[in-house]
Structures are given as structure tokens and as C-alpha cells.
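Report on the following structure.
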């Protein structure tokens, strides 16, 4: 698979259609739903199939800069599980036998095929028009469109803040560079955007100039993992639940890389 730092091969998966003129071969950017196949039912364990699928999910999240979460599946012999990987970790369904419950198997596969991009984990706040990607912000009482020029940095991880930096510019003003920083933010920490605004107001030099920051909203709701991504699913009731650090909403912060350049910032709750 192209786009990976290591030599990885995907067992099975659902991919996005190839674009005209695209080079032969497949890239992690095209993977919609990764899958892991094992011939032995005993491979349905963390040390075997589960970790392999987790590595695939990390590659997908790293390659697709607008991916909020990744759905996947493991099939060990006839035993299947459906997985969801987000910035808090992974959730698995109970396993079922596809030979004994063929209807559940068909429903699962059709579900993957019929899902739209948002259901598959893509960020609906990053929009595309005429091959141009952009976001919209509310600033000074009006809506502004920020055009994304390209990716500067995308953190390679599953759980964590998963910071993404984009080079961008206000619509109609390509001469004004902006850096967008998008990350999931711990609730107990101060907002980076507020810190940048304070620095700007005090006239500190050689620091990114503040432009705007906000909490990302999906369908008019703060985009956090517990409510927006997991839809209130209580994983603590699971028999194999492993408690870890709870993460807050995601923060999309946009800040300029050098003095004199404006910065825009959005944030997103992660828990």
C-alpha cells in the first residue's frame, strides 16, 4: 500500500473510486473501511487480528486529513467483529458467526457500502466545491470562508490530540497565508486560541498572530467523541472495558507559522 512508512499490505477493505489519471496501485487515502482476515478462529485476539487492524486504522487516519474516525472489521475463520477507531481508542462489537447468522453478515457489508462520507468518519465541516476544499467560520458577526491549500502536518496516531495543520488563505485573498491547526483538546486545558489572542493583545513579537478560534460544531453541536462520534455509547459497561484517560473536545486552531501572518483556529471536544 502506498503512503505508509512501513511495508504494509491490507488483507481486505472497501476503497474509494480511483480518480481519472491516477497512477496504478492503491493508497491509504483511498481506504474507506479496512479489514483483517485470519483463517483460524483462535486469531480473534488482541495480539493477532486486533492489533493488525489497529495498525491499518492508524494508516488511514494519518493519510486522510479530514477523517474523524475509522470503521473496520475482523474476520477470523467464520467469526466477525465490527470495529470503530476514534481519538479515544477502539470499540469492538460482539463477535458473530457468519455461517450461522448470514443475515447479520449481509447487513454489515451492505451497511459499509451504503454509508455516506460522514457516517464513514469524514469531517463534514471541511467542504469541497469545484475541487477546492474550504471551511467556514463565524468571525465578527459574519461568515468567512477559509480555503485549504494543503496539508502541512498530520499526526500519525489513533488515540490522542491528533493535530492537523493546513496551509490556507481567506477566500479571495490568496496573498494572505493562514495556518489552520485542528486538534482534539483536553477539556481541563486552556484553549490555545485564547492564549494566542492574549499574546496578540499584549503585542508580543515573533509569535503567530491570532486571527480566530472556535469549537468545531457538527450539526450545531460541539464535536466531541462521547456525544457526536460515539452517540452516547457507554463503553464502561463492557466486560472487557479498559479505563484510560478521558479526552475532551477537538480543537481546530489556525495559527500562522511566522511573525506577521494571520492565524485562524478552531477546536473540537474529544470526550
Can you grab the distance from the C-alpha centre of the stretch 205-235 to the C-alpha centre of the stretch 48-109, Å, no decimals? 25
Cα extents of the stretch 132-187 along the principal axes, largest first, in whole Å, come to 36, 24, 16
At 0.36 nm per residue, minus the direct Cα-Cα distance, what do residue 12 and residue 236 gain on full extension? Give it in nm, one decimal, please. 77.6 nm
Could you line up 182, 65 from fewest to most neighbouring Cβ atoms inside 10 Å? 65, 182
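As a footprinting exposure proxy, order 221, 125, 74 by other Cβ within 10 Å, with the fewest listed first.
Numbers: 221 11, 125 21, 74 25.
The order, fewest Cβ neighbours first, is 221, 125, 74.
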Percentage of Cα-Cα pair distances in the stretch 194-235 greater than 14 Å, rounded to whole percent? 60
Run the numbers for residue 42 and residue 195: contour at 0.36 nm per residue of separation, minus the present Cα-Cα distance, in nm. 49.9 nm
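Residue 122 to residue 157: extension gain in nm, 0.36 nm per residue of separation minus the Cα-Cα distance? Please report the intermediate quantities before stating the final value.
Working: separation 35, 0.36 × 35 = 12.60 nm, distance 1.62 nm.
Extra length from residue 122 to residue 157 when fully extended: 11.0 nm.
Could you grab the Rg to Rh ratio for the stretch 12-120? Cα atoms only, Kirkwood for Rh.
Numbers: Rg = 14.1 Å, Rh = 14.5 Å.
Rg/Rh for the stretch 12-120 comes to 0.97.
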Ranked by Cβ crowding within 10 angstrom, fewest neighbours first, how are 148, 225 ordered? 148, 225
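Coordinate-derived values only; no laboratory data. Keep in mind the model is a prediction, meaning the values are calculated, not measured. When we count neighbours, we look across all protein chains shown, and the Cβ atoms used for this are built from the backbone with ideal geometry, even at glycine.
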